[in-house]
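A quick write-up on the structure given underneath.
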Amino acid sequence: MEKNRILLDDENIEEELIEIEEKKTNKLKYILWGGIVLLILFIIFSGFYYFYNKRIPDFLNFNKQLPEINSELKEKYYYPSKDITPALEKGINYYREGFLNKAEKYFQSLIDTTLNKKEKIVAYTYLGIIALDLEKYPLAKHYFSQALKYDENYLPAIVNLAITEYHLGNLEDAYQLAQKAKQIAPEDSLVSILTGNIIMNIKGAKEAEKEFRKGIESDPNEPVARYNLAISLIRQGKTQEAILELQHFLELFPNHTLTPNVLALLGQIYYSLDQYERALHYYKRASGLAPDNAKIYYNIGVIYLRLNDEVKAKEYFKKAMSLGAADPEVFEKLSYAFEEFNDLDSAIKTMERSIQYNPDHLPTLFRLAELYEKKNHLLEAAEIYRKIVNRTPGTENTINALLQLGKIYNKMERYADSVNVLKKAIELNPHPKIEIFYELGKSYYYGGRKDKAIEIWKLALEQPHITPEEKNKIHIILARAYQNLGSYDLAIQELKKINIDEKNSSVVYLELGELYKNIKDYNTSVSYFLKVFESIDSSIEQKKEAAIKIAECYYLTNEPSNIEIAKSWINKAIRLAPEDPEIKILKGKILLLSSSQSDIENVIETLLPLTYEDYPPSLLKEVYLVLGEAYYKNKEYQRALQSFQMVLQIDPLNEKAIKYKNIIIEKMGE
């Protein structure tokens with residue numbers, strides 16, 4: 001990835017300054033300094049551009065994507081229209097009224113009782129069409145084949161059998177049948193539609209376009225031919241031609257069942273052309289004709305986001321959710337939309353609603369479990385993953401669910417359970433994911449079996465399918481394990497095995513810095529943290545961490561000459577994260593080393609507001625410890641005593657608080 005790397009050349013600038021001094025020409029001097037100012041402004045602008053474009057995440061990544069609408073080719077069954085006897089009419093009426101079971105039984109009975117060959121052909125053809133409606137393609141093939149046994153040139157059976165072969169994936173057979181249909185009825189628009197659909201998959205959109213145009217020539221009022229022609233134009237990138245064809249469709253068929261799709265396609269095209277107002281116009285027209293289409297409402301919400309109208313966007317997202325559509329894709333997209341708004345509750349409700357319609361849809365189950373985990377509803381997430389494991393027969397989905405379940409058990413500190421499910425995941429795959437080894441090692445490590453954890457992580461490094469990134473991750477966690485065991489040399493060896501590049505340099509340098517800090521080699525530690533802070537590849541979070549660690553290193557030296565440096569670095573960290581309480585606590589500790597009265601007052605001003613917040617007890621204990629010491633140095637003994645008593649309420653055996661409490665009571669007694 002290319003980045004802006006504009007650097008000032010100090011040596012050249014110095015030479016130019018000397019030259020200016022020698023010439024003593026004010027005019028050139030002003031030009032030079034003007035150039036330097038412009039160059040600095042350019043660097044600042046470039047840095048801002050890089051930060052804005054490369055470092056700040058998009059407000060909504062999904063909003064960059066084209067709204068999706070069904071742009072598949074449409075097909076049209078070939079219904080028998082000739083030789084319809086009164087007996088056939090009765091069954092056809094059942095079919096038209098939607099009573100498919102009644103129609104099916106009637107046609108089967110008619111085949112068994114009639115002696116009329118044409119009635120049998122039509123009855124078999126309608127049975128095949130009913131099977132097509134129910135997506136029972138092998139059965140449909142059987143019925144159409146039976147019809148063709150009575151008349152091998154019966155066009156409705158040939159066309160519908162071609163459609164069936166197409167759905168079964170038998171494209172060559174479908175194409176041969178389409179060619180036969182063309183020989184029988186070369187001017188039939190339905191035959192042209194069928195041929196175009198098949199050709200689209202065999203020869204591409206350009207050849208399909210020709211067939212759809214033939215269909216329109218045969219019947220200018222055939223909507224499916226016009227719609228499919230527009231799709232073929234879109235797939236060829238002929239955007240303007242597609243727009244004209246779709247608009248012509250709207251003129252001819254303002255209220256056709258395909259009209260909402262046409263309007264949505266126009267919206268999609270204009271969206272892709274960044275014409276959001278036009279896109280919105282067409283999508284809103286589509287929603288008027290298809291008020292129950294959740295996907296259209298979702299797309300309207302996306303367009304409103306593009307128009308920077310978050311209120312309207314949320315309104316349409318909630319409309320899409322409330323429609324109760326059974327399309328899991330819509331629910332999933334809505335969940336991501338609500339998550340981007342930091343509304344995890346609505347995201348969870350969306351996926352819970354999707355589960356009602358799609359109880360066995362695995363992506364929906366995975367997404368709901370992921371959201372539960374983000375909301376820290378770990379029991380609910382674990383239950384979903386267990387459900388996936390029970391419903392899948394040892395597939396990749398089973399392994400992924402076991403892995404996620406292992407992670408959750410680790411978070412819940414149920415390390416034995418985590419070991420069990422992760423070992424099952426390894427058993428299901430001869431080449432287990434490295435991430436499973438990584439998590440299994442964590443389960444052993446935090447479960448008290450550190451030797452077993454190291455063994456598992458080393459085993460991961462021996463896997464032939466491990467990637468360089470995964471190797472680095474394992475080396476880092478091994479280094480941390482060795483460091484916690486006090487084996488600093490082994491930890492350093494692990495980190496030095498990593499191939500450092502711009503992607504991982506900040507992570508590795510932070511680890512090395514922490515290692516050297518723990519062995520009290522503060523100079524080396526600071527040198528690594530500086531690399532992170534000064535790197536253009538470091539994130540804001542990494543820069544903040546580096547600034548904190550540098551301040552901490554100077555603080556830990558306990559040298560008065562380093563206090564000002566420590567203060568400078570902790571202030572840099574605060575500028576990067578003004579509300580971080582842990583940074584404020586460290587700032588308080590650093591300021592306590594100062595002999596300045598104003599610094600002691602600053603400690604109290606910085607930490608007192610933290611006592612009114614709902615922080616965890618462990619953090620509040622640190623706040624009161626530092627605050628108590630500040631009050632003590634400020635000779636505010638009553639307040640100091642109250643602070644240390646707060647510490648002892650949280651940690652009754654805290655030695656520092658007990659020591660100060662006794663000293664203060666003695667002083668107050670005096």
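Structure notes:
A quick yes/no check of all residues on (1) over 29 Å from R213 (Cβ atoms); (2) of a type in the set (S, T, N, Q); (3) in contact with a Pro (Cβ under 7 Å, 6 or more places away or on another chain); (4) touching a residue at least 40 places away in the same chain (Cβ under 8 Å):
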residue	(1), (2), (3), (4)
L100	yes, no, no, no
I111	yes, no, no, no
A131	yes, no, no, no
Y143	yes, no, no, no
Q146	yes, yes, no, no
L177	no, no, no, no
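- Total residues in segment 425-441, condition within 15 Å of H475 (Cβ to Cβ) and of a type in the set (K, R): 0
- Qualifying residue in segment 365-372 (condition: surrounded by fewer than 16 Cβ atoms within 10 Å (Cβ to Cβ) and either closer than 29 Å to E310 by Cβ or modelled with pLDDT under 95 (or both)): no
- Restricting segment 146-173 to residues that are buried (at least 19 other Cβ atoms within 10 Å of the Cβ) and of a type in the set (S, T, N, Q), the residue that is nearest to A185 (Cα to Cα) is N160.
- Flag for Y660 being over 51 Å from the mean Cα position of the chain (by Cα), under 20 Å from L592 (Cα atoms) and assigned to a helix (DSSP H, G or I): yes
- Unique match (being of a type outside the set (V, I, T) and in contact with a Ser or Thr (Cβ under 7 Å, 6 or more places away or on another chain)) among S527, S506, S568, S487: S506
- Selection count where residues are touching a Ser or Thr at 6+ places or on another chain (Cβ under 9 Å), small (G, A, S) and over 15 Å from Q268 (Cα atoms), scope segment 281-311: 2
- For segment 640-662, the set of residues classified as free of Cβ contacts under 8 Å to residues at least 24 places away in the same chain and either among the acidic types (D, E) or over 14 Å from Y624 (Cβ atoms) (or both) consists of L653, E655, K659, N662, listed by residue number.
- Single match in L422, L405 (criterion: closer than 20 Å to I474 by Cα, buried (at least 19 other Cβ atoms within 10 Å of the Cβ) and modelled with pLDDT of 95 or more): L422
- Of all residues assigned to segment 454-462, none qualifies as being touching a residue at least 24 places away in the same chain (Cβ under 8 Å) and loosely packed, with under 15 Cβ neighbours inside 10 Å.
- The criterion of being surrounded by fewer than 16 Cβ atoms within 10 Å (Cβ to Cβ), under 19 Å from the mean Cα position of the chain (by Cα), of a type outside the set (D, E, K, R) and closer than 30 Å to D274 by Cβ holds for N342.
- Residue ID - surrounded by the fewest Cβ atoms within 10 Å (Cβ to Cβ), chosen from residues in segment 122-145 that are out of contact with any Ser or Thr (no Cβ under 9 Å at 6 or more places or on another chain) and more than 22 Å from D188 (Cα to Cα): E135
- Against the test of being farther than 25 Å from T350 by Cα and in contact with a Leu (Cβ under 7 Å, 6 or more places away or on another chain), the options Y271, Y298 yield a single qualifying residue, Y271.
- Here L88 fulfils each of the conditions (1) surrounded by 15 or more Cβ atoms within 10 Å (Cβ to Cβ); (2) outside any helix (DSSP H, G or I) apart from (2).
- Selected residue [assigned to a loop (DSSP other than H, G, I, E, B) and of a type in the set (S, T, Y)] from S506, S527, S538: S538
- Residue in segment 551-569 that is in the same structural domain as Q649 (by TED's automatic domain parsing), free of Cβ contacts under 8 Å to residues at least 40 places away in the same chain and over 23 Å from K656 (Cα atoms) present: no
- Residue within segment 407-417 that is assigned by TED's automatic domain parsing to the domain that holds Y445, assigned to a helix (DSSP H, G or I) and hydroxyl-bearing (S, T, Y) present: yes
- If you filter segment 221-238 down to residues that are surrounded by 21 or more Cβ atoms within 10 Å (Cβ to Cβ) and among the small types (G, A, S), you find that the one that is farthest from the chain's Cα centre (by Cα) is A225.
- Counting only residues that are closer than 17 Å to T524 by Cα, under 32 Å from the mean Cα position of the chain (by Cα) and hydrophobic (A, V, I, L, M, F, W, C), segment 480-513 holds 5 of them.
- Check on G267, surrounded by 14 or more Cβ atoms within 10 Å (Cβ to Cβ), in contact with a Pro (Cβ under 8 Å, 6 or more places away or on another chain) and among the small types (G, A, S): yes
The values are calculated or read from the model by the stated rules, or taken from the named source; none is laboratory data. Just so you know, these numbers come straight off a predicted model, no measurement behind them. Here the Cβ is made from the backbone with ideal geometry for all residues, glycine too, and neighbour counts use every protein chain on show.
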